[in-house]
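Just so you know, all these numbers are worked out from the coordinates, no wet-lab data involved. Just so you know, these numbers come straight off a predicted model, no measurement behind them. Here the Cβ positions follow ideal geometry from the backbone for every residue, glycine too, while neighbour counts run over all protein chains shown.
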């Protein structure tokens with residue numbers, strides 16, 4: 001199914017510059033297993049964002065939302 005991910009970060013520091021809010025959205029085709037894997041990694045990995053995003057040295061509150069934008073039964 002096609003899903004939309006939205007990553008929202010507040011009070012971030014990127015390349016030494018303070019940024020109040022960053023919102024990154026992307027869509028991809030993912031099955032339930034992939035979505036569960038991403039969600040699990042998001043919940044279980046300490047400092048995931050600062051470890052994986054180049055230039056990001058600090059982030060306050062962050063959230064990741066996942067929402068379907070194409071139901072599997074509507075595909076042709």
> Where the Cα atoms of the chain are projected onto their three principal axes, how long is each span, largest first, in whole Å?
Replying inline: 48, 22, 18
> Mean residue ellipticity at 222 nm from the helices of the chain, using -39,500 (n - 2.57) per DSSP H segment of n ≥ 4 over the full residue count, to the nearest 500 deg cm²/dmol?
Replying inline: -6500 deg cm²/dmol
>> Relative contact order for the chain: what percent, with Cα pairs under 8 Å and sequence separation of 6 or more?
In response: 48
> Which angle from 0 to 90°, rounded to the nearest 10, does the C-alpha axis of helix 32-44 make with the longest principal axis of the chain?
Replying inline: 20
> Between residue 42 and residue 28, how many nm apart are label points set 7 Å from Cα along the C-beta direction?
Replying inline: 1.2
